[in-house]
Amino acid sequence: MAAANAKVNAPAPVILSIADSLTMISRISILGTGLLGASVGLALRAAGFDGSIVGWNRSAEQGRLALEMGAVDTLAGDPLEAARASQVVLLAVPIFATLDFMEKLAGVLGPEHMVTDVGSTKRVISEAGARLYNTPERAAFLPGHPMAGKERGGAALAEATLFRGAVWLFTDDPAAKRSPHAAALVKDWREWVAAMGARTLDLDPVRHDELVAWVSHLPQFTATALSAVLEEEVGGAPELKDVGGRALREMTRLGASPYSMWRDIAHTNTESVERALLALEQRLALVRENLRTPELRNQFEQANNFRRE
């Protein structure tokens, strides 16, 4: 979910001055060079990171695009070897793939490493992190979630400015359990996130999943359902292109998101999404039942109040 706030945009000289003080991290591996992974690489360069950025992607085309646009310096054939040769490993892959990488990396990384991710749900990832990482003899793991993105993925859509003004969420940060070196890597990574233009916020992982179910996942599944019913009911109407205006485009924009991006979210935040969808179903029924009563005015007033806040 994209977020914008001009007040937190940092001018280039400020970002560069922050970057000048960040020297702990000199080699980063980005496993998954799609929209978010490639954007991180571009944003790091724009923020003044002059270390090595190694990329890996299951899709050779996505890796090649990230390399050509300068999001990464080199492409790795073996993601585990690339991770072991790096200080920081960013997992920018779907949630189930993130969990799989976490299991594999835990056995090959040590306290000289830090692993973080960009997954849209955090409870299951934080639980895996607590089980596999964050002890003095193991690598650090810092669950992360940048509230930035687009309805479509892929390196071709990556931008160096994607995170400027966005909130980058972190959950479950047990700094006291880490080795001093791993703790320093975590601190440095958080500072690089700020240097990329994001505002950081720490949340409990369960609370994170509850909130994003309302503000990110519900809008997506609502747009998906709306787009699907429109396709079924009027998708073949020749007048649709002329009749449908801005409201239709805005309400169905997220309907272009692919299933591959949202399957893992639906599986790992099911209960929270179910509660949000049920509340929306009940509210839609209330609106439907009161199309000719004064209650409809109340619904519009409540909606207007939310938009003003």
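What do you reckon, is Glu127 assigned to a loop (DSSP other than H, G, I, E, B), surrounded by fewer than 24 Cβ atoms within 10 Å (Cβ to Cβ) and not small (Gly, Ala, Ser)?
On the way: assigned to a loop (DSSP other than H, G, I, E, B): no; surrounded by fewer than 24 Cβ atoms within 10 Å (Cβ to Cβ): yes; not small (Gly, Ala, Ser): yes.
The answer is no for Glu127.
Working only within the stretch 177-215, note down all residues that are of a type in the set (Gly, Ala, Ser) and modelled with pLDDT of 95 or more. Lay out the reasoning, then the answer.
Of all residues in the stretch 177-215, those of a type in the set (Gly, Ala, Ser) come to 179, 182-184, 194-195, 197-198, 213.
Answer for the stretch 177-215, where residues must be of a type in the set (Gly, Ala, Ser) and modelled with pLDDT of 95 or more: Ala194, Ala195, Gly197, Ala198, Ala213.
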Quiz item: Has the stretch 225-235 got at least one residue that is under 27 Å from Leu42 (Cα atoms) and of a type outside the set (Gly, Ala, Ser)?
Solution: no
Self-check item: Members of the stretch 188-214 that are over 17 Å from Thr116 (Cα atoms), assigned to a helix (DSSP H, G or I) and either in contact with a Lys or Arg (Cβ under 8 Å, 6 or more places away or on another chain) or of a type outside the set (D, E, K, R) (or both)
Solution: Val206, Asp209, Leu211, Val212, Ala213, Trp214
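Tell me, which residue of the stretch 1-54 that is of a type in the set (A, V, I, L, M), modelled with pLDDT under 50 and part of a loop (DSSP other than H, G, I, E, B) is nearest to Met261 (Cα to Cα)?
Taking the stretch 1-54 as the starting set, the residues that turn out to be of a type in the set (A, V, I, L, M) are 1-4, 6, 8, 10, 12, 14-16, 18-19, 22, 24-25, 28, 30-31, 35-36, 38, 40, 42-44, 46-47, 53-54.
Adding the requirement that they be modelled with pLDDT under 50 leaves 1-4, 6, 8, 10, 12, 14-16, 18-19.
From what's left, part of a loop (DSSP other than H, G, I, E, B): 1-4, 10.
Values: Met1: 12, Ala2: 15, Ala3: 19, Ala4: 22, Ala10: 30 Å.
In this case the residue turns out to be Met1.
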Exercise. Among the residues of the stretch 266-275, count how many are over 22 Å from Pro94 (Cα atoms) and of a type outside the set (Lys, Arg).
Key: 0
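Considering only the stretch 191-224, how many residues are hydrophobic (A, V, I, L, M, F, W, C) and either touching a helix residue (DSSP H, G or I) at 6+ places or on another chain (Cβ under 6 Å) or within 14 Å of Ala276 (Cα to Cα) (or both)?
Step one: list which residues in the stretch 191-224 are hydrophobic (A, V, I, L, M, F, W, C), which gives 192-196, 198, 201, 203, 206, 211-215, 218, 221, 223.
Still in the running and either touching a helix residue (DSSP H, G or I) at 6+ places or on another chain (Cβ under 6 Å) or within 14 Å of Ala276 (Cα to Cα) (or both): 195-196, 206, 211-215, 218, 221, 223.
Number satisfying all stated conditions: 11.
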Quiz item: What are the residue pairs meeting all of these: first residue in the stretch 184-208, first residue at positive phi and not assigned by TED's automatic domain parsing to the domain that holds His113, second residue in a helix (DSSP H, G or I) and surrounded by fewer than 19 Cβ atoms within 10 Å (Cβ to Cβ), Cβ atoms under 6 Å, and 6 or more apart or on different chains?
Solution: none
Exercise. Would you be able to say whether some residue in the stretch 158-167 is closer than 22 Å to Ala43 by Cβ and surrounded by fewer than 17 Cβ atoms within 10 Å (Cβ to Cβ)?
Key: yes
Quiz prompt | Given (1) in a loop (DSSP other than H, G, I, E, B); (2) more than 27 Å from Met114 (Cβ to Cβ); (3) under 14 Å from the mean Cα position of the chain (by Cα), number of the condition Pro238 does not satisfy | solution = (3)
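A quick yes/no check of all residues on (1) surrounded by fewer than 17 Cβ atoms within 10 Å (Cβ to Cβ); (2) among the basic types (Lys, Arg):
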site: Val193; (1), (2): no, no
site: Arg199; (1), (2): no, yes
site: Val206; (1), (2): yes, no
site: Ala213; (1), (2): no, no
site: Ser227; (1), (2): no, no
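Looking at the stretch 256-309, which of the residues that are among the basic types (Lys, Arg) and surrounded by 10 or more Cβ atoms within 10 Å (Cβ to Cβ) is farthest from Glu151 (Cα to Cα)? Please lay out each step first, then the result.
Taking the stretch 256-309 and keeping what is among the basic types (Lys, Arg), we get 263, 275, 283, 288, 292, 297, 307-308.
Next, only the ones that are surrounded by 10 or more Cβ atoms within 10 Å (Cβ to Cβ) stay: 263, 275, 283, 297.
Working: Arg263: 14, Arg275: 23, Arg283: 26, Arg297: 32 Å.
Ranking the qualifying residues of the stretch 256-309, first place goes to Arg297.
Could you go through the stretch 159-182 and let me know if any residue there is at positive phi and either touching a Ser or Thr at 6+ places or on another chain (Cβ under 8 Å) or of a type in the set (Lys, Arg) (or both). I'd like the intermediate steps shown before the answer.
Taking the stretch 159-182 first, the residues at positive phi are 165, 172.
Checking the rest, the ones that are also either touching a Ser or Thr at 6+ places or on another chain (Cβ under 8 Å) or of a type in the set (Lys, Arg) (or both) come to 172.
Yes, some residue in the stretch 159-182 is at positive phi and either touching a Ser or Thr at 6+ places or on another chain (Cβ under 8 Å) or of a type in the set (Lys, Arg) (or both).
The values are calculated or read from the model by the stated rules, or taken from the named source; none is laboratory data. The structure displayed is predicted, hence computed values, not measured ones. Every residue, glycine as well, gets a Cβ built from its backbone with ideal geometry; the counts of neighbours run over all protein chains shown.
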